[in-house]
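One structure is given here, and the rest of the page talks about it.
Bear in mind these aren't lab numbers, they're just calculated from the coordinates by the rules spelled out. Just so it is clear, the model here is predicted, and its values are computed rather than measured. Positions of Cβ are generated from backbone atoms using ideal geometry, with glycine treated the same way; all protein chains shown enter the neighbour counts.
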Amino acid sequence: MAASKAAARARAVRPAATATLMALHEGIVYGPVRSRRLGRSLGINLTPAHLKLCTFNCSYCQYGWSAHSRRTATPAFEHWPSPSAVAKAVASAIRALSAQGERLDRLTLAGHGEPTLHPKFREVVRALRAVRDDLAPGVPLAVLSNASTLEQAEVREALAALDERYMKLDAGDTATLRTVNGATMTVEQVIAGLKKVPDIVIQSMFVRDRTGRIDNTGDLTVINWVGALDRIRPKAVQVYTIDRIPAFPYLQQVPAARLLEIAQRVRLAGFRCDVYGVPEALAGPDKA
Ligand code: SF4
């Protein structure tokens with residue numbers, strides 16, 4: 001009951017998306033994007049063109065609010081790209097970039113939504129591995145996921161077949177998960193799923209708004225989050241704050257000093273932690 005009230009409150013204050021948000025992708029491949037965390041990354045969008053499709057509704061999402069969270073809700077969802085269409089688009093982009101002498105650091109499944117929602121995610125991963133092995137051997141195949149679909153064994157199996165798994169965890173308690181990420185699941189469900197996926201990097205966005213209603217930077221919230229990390233045992237943690245226009249326009253960047261304090265708590269708990277969004281010289285010993 002309390003949870004549904006919290007979700008209703010989160011929905012009630014969502015203002016309309018603005019024109020300055022990131023545009024949705026036209027097709028399957030985008031970039032290469034110069035990413036703070038992934039280097040020169042060729043983005044792969046698995047959600048239907050022009051449709052943001054996500055199980056979460058993050059306050060900081062650069063693509064705006066999620067209009068859809070279930071893949072069967074509208075006929076448009078029939079327009080998922082097929083595994084062969086994804087492979088063909090990525091192969092063509094790699095060939096074109098290679099002809100221009102461009103280097104890639106990663107091939108990254110991300111895009112405007114949750115990539116593991118693709119109904120044939122396992123086949124997509126299989127097809128992409130074949131393309132990578134053939135045309136870009138040595139370039140890691142990565143995913144950015146919100147960790148909301150990990151109760152499905154076939155999603156976990158597909159994730160395990162990738163080279164790098166960057167999994168979102170912005171909160172260690174359900175109330176914060178709801179306000180920051182607009183999630184309907186509990187943090188216990190997210191943690192249970194993350195514990196089943198091997199060799200993950202946790203990526204955590206820290207944000208707050210002027211009212212304090214959305215805020216995952218407070219001491220107690222951070223303690224809960226570090227407790228969740230301790231249960232998940234990731235191989236590394238990435239901490240950062242917004243650097244693009246967020247869905248909720250009143251969010252603020254977290255000062256570098258606070259990000260560094262948060263990172264220090266992660267390191268004291270025994271995990272590698274890289275900080276993004278602070279001057280390189282301050283980022284600390286774990287910054288690559
Ligand atoms: S999980 Fe990613 S795509 Fe989904 S709402 Fe959050 S930031 Fe946006």
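Let me check I've understood the local charge: for L144, count other residues with C-beta under 12 angstrom from its C-beta, Lys and Arg +1, Asp and Glu -1. What total comes out?
Working: positive: R37, R106, R165, K168; negative: E114, E164.
Charge balance near L144 sits at +2.
At a threshold of 8 angstrom on Cα-Cα distance, excluding pairs fewer than six apart, so keeping six or more, what relative contact order does the stretch 2-282 reach in percent? Numbers along the way, then the final one.
Details: 535 pairs, mean separation 52.1, N = 281.
After rounding, I find 19 percent.
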**OP:** Show the residues, 5+ positions off or on another chain, whose built amide H is closer than 5 Å to the amide H of A236.
**Re:** I202
**OP:** Determine, for the chain, the count of lysine pairs separated by eight or more sequence positions (or lying on different chains) whose alpha-carbon distance falls under 17 Å.
**Re:** 7
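For the residues W225, W80, what sequence is obtained by ranking on other C-beta atoms within 10 Å, fewest first? Please report the intermediate quantities before stating the final value.
Numbers: W225 27, W80 21.
Least to most surrounded, the residues fall as W80, W225.
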Subject >> Cα centre as origin, Lys/Arg/Asp/Glu Cβ charges: the chain dipole, Debye >> reply: 260 debye
**OP:** Classify the stretch 148-249 as rounded, prolate or oblate from the Cα gyration tensor: take a ≥ b ≥ c as the square roots of its eigenvalues, call it rounded if a/c is under 1.5, otherwise prolate when a/b beats b/c and oblate if not.
**Re:** prolate
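What does the charge count near S41 come to, summing +1 for each Lys or Arg and -1 for each Asp or Glu among other residues with Cβ under 14 Å from its Cβ? The partial results should precede the final answer.
Working: positive: R34, R36, R37, R40, R103, R106, R132; negative: E102, D105, D163, E164.
So the surrounding residues net to +3.
The stretch 98-159: which trypsin sites (Lys or Arg not before Pro) are DSSP loop and have at most 12 other beta-carbon atoms within 10 angstrom? Please report the intermediate quantities before stating the final value.
Values: sites: R103, R106, K120, R122, R126, R129, R132, R156; in loops: R103, K120.
Those that pass, being in a loop and sparsely packed, are R103.
Going by how many other Cβ atoms sit within 10 Å of their own, how do Y166, Y250 line up, fewest first?
On the way: Y166 23, Y250 14.
Result, fewest neighbours first: Y250, Y166.
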Subject >> Approximate spin-label separation R267-E151, in nm, with each point projected 7 Å along Cα-to-Cβ >> reply: 3.8 nm
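To the nearest 500 deg cm²/dmol, what mean residue ellipticity at 222 nm is calculated for the chain from DSSP H runs of n ≥ 4 alone, each contributing -39,500 (n - 2.57), summed and divided by the residues? Intermediate results must be reported in sequence, preceding the final value.
Numbers: 8 runs with 94 residues, N = 288.
It lands at -10000 deg cm²/dmol.
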**OP:** Mind listing the lone cysteines of the chain, meaning no other Cys beta-carbon sits under 4.7 Å from theirs?
**Re:** C54, C273
Original post:
For the chain, what is one quarter of the convex hull surface built on the Cα atoms, given in nm²?
Top reply: 14.8 nm²
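Give me the net charge for the shell around P83: Cβ to Cβ below 12 angstrom, other residues only, Lys and Arg +1, Asp and Glu -1. Please report the intermediate quantities before stating the final value.
Numbers: positive: K88, K120, R122, R126, R129; negative: E123.
Its environment carries a net charge of +4.
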Original post:
Mind listing the phi-derived Karplus ³J(HN,Hα) values for the stretch 265-270, rounded to whole Hz, using 6.51, -1.76 and 1.60 with θ = phi - 60°, and x for any glycine or proline?
Top reply: 5, 5, 5, 5, 7, x
**OP:** Take D163, D134 and order them by how many other Cβ atoms sit within 10 Å, fewest up front.
**Re:** D134, D163
